[in-house]
Amino acid sequence: MSSTASGERHGVVPSYLLARLAESGRFPKAAAAARQTLTAGRPPFRARIDLSIDENGDLVAQLSDAPNRTISDAGNTQQLPGAVVRGEDDAPVDDTAVNEAFDGLGATFEMLLAAFERNSLDDAGAPLDATVHYGVDYDNAFWDGERMVFGDGDGEVFQHFTGSLTVIGHELAHGVVQHTANLEYQGQPGALNESIADVFGALTEQYALSQTADQATWLIGAEIFTDAVEGAALRSMIAPGTAYDDDELGRDPQPDHMSGFVRTTEDNGGVHINSGIPNRAFALFAIDLGGNAWERAGTVWYRALTGGLSSTATFTQFADATVAAATDIDAATAAAARRAWTTVGVYEDERVPSTD
């Protein structure tokens, strides 16, 4: 969950899934952890020198942006930030969660810099802070408006939140949204907020693994379920509604088309549910374009997010913004964007974006 100035938290594990788990008879420890998680409180520029050899055999030194990471340990309390256990210049420590969090923050920083020339979450070198071992059996990871926070999971259903690069990229992306369009966390703008976070989470993993769009799994949180769960991940961007189907957790409720759009007062108007629609649009768009998703496809989504998008943007308004951004690249990219939004039912046909 992520907390903004208003105190909201945008958690990677949606409340409806935790509520279902809280009633589980098959996973008693996980049920107790889910109940506890649901009721828990809501609580300087750096540079590096890159060395290379030019065609004449001369040493070339260039300054580039660098992350500034600090990892703290809450010691299984809910007190933030906790005790500092690793800083940017420190060696790995004897704690897997600390090292995974450190590496995940760095991987997200590197993707943002390489793909979008963005220097950290605010594009001004903001420090990247994280706290691990939050709470007891805490079943979530969240961005609280200032830092990443990781629970350890209950061990029966959820585990190892720091072990999922898509989860880390997703939650840090809420920080990017916070510093750009600041999309309202309700209804369609909220679903776009969640979807853009999933897009950045997927791009972070794909960039780290050097995967092309057609090689990627497009799964979010593939590492956080234990083997006891019948499911591949928390969400599937390419096939929403198929990520899990478990006797205790139920079936993944995400729609893959506007015809299945869910109208509900829960989950802030279904922000974690309806995000499946723009998620699929991005995955289809990236695969249609081919190559690395963080290049043309990612650039289009990033420019739409940072190009004056309203904080109350609807799916159609965001789609229009992506088509406009794609048009600035070339006609083929724009046509691919229109095809993607048409496939998921946001556009009724492959129309040009509106001008109002």
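The values are calculated or read from the model by the stated rules, or taken from the named source; none is laboratory data. Quick caveat: nothing in here was measured; it's all calculated off a predicted structure. Virtual Cβ from ideal backbone geometry, glycine too; neighbours counted across all protein chains shown. Surface areas here come from the heavy atoms of the whole protein model, side chains and all, with no ligands, DNA or RNA. Shrake-Rupley method; radii C 1.70, N 1.55, O 1.52, S 1.80 Å.
A few comments on the model shown:
- Residues listed by number, region 291-305, amide nitrogen under 19 Å from ALA332 label point at 7 Å toward C-beta: 291-301
- Of all accessible heavy-atom area on the chain, the percent that carbon and sulfur account for (1.4 Å): 46
- Cβ charges +1 (Lys, Arg) and -1 (Asp, Glu), total dipole of region 134-243, debye: 400
- Signed unit charges on C-beta, dipole axis of the chain, positive-most listed residue VAL271, GLY145, VAL176: VAL271
- Highest mean packing comes first when the peptides 30-38, 85-93, 114-122 are listed by Cβ atoms within 10 Å, giving 30-38, 114-122, 85-93.
- Segment ALA114-GLU88, length gained on full extension (0.36 nm per residue, minus Cα span): 7.4 nm
- Inter-centroid distance (Cα atoms) of region 279-315 relative to region 108-133, Å: 19
- Each stretch of four or more DSSP H residues adds -39500 (n - 2.57); spread over every residue of the chain, this sum gives -12500 deg cm²/dmol at 222 nm.
- The chain: mean projected area of Cα convex hull, nm²: 18.5
- Packing, taken as the mean count of other beta carbons within 10 Å per residue, orders the peptides 331-344, 269-282, 143-156 from highest to lowest as 269-282, 143-156, 331-344.
- Estimated from the Cβ-Cβ distance and a Förster radius of 35 angstrom, the FRET efficiency linking ASN182 and GLU230 is about 0.40.
- Amide H to amide H, with H built 1.01 Å from N, ARG69 comes under 5 Å of GLU88, LEU128, counting only residues 5 or more places away or on other chains.
- Within the chain: Cβ-based charge dipole about Cα centre, in debye rounded to nearest 20 (Lys, Arg +1; Asp, Glu -1): 820
- Scanning residues 5 or more positions from GLY345 or on other chains, those with amide H under 5 Å from its amide H are MET258, with H placed 1.01 Å from N in the peptide plane.
- In sequence order, region 311-326 has phi-based couplings of 5, 10, 4, 8, 4, 5, 5, 5, 4, 4, 5, 5, 5, 4, 5, 5 Hz under the Karplus curve 6.51 cos²θ - 1.76 cosθ + 1.60, θ = phi - 60°, and Gly or Pro positions carry x.
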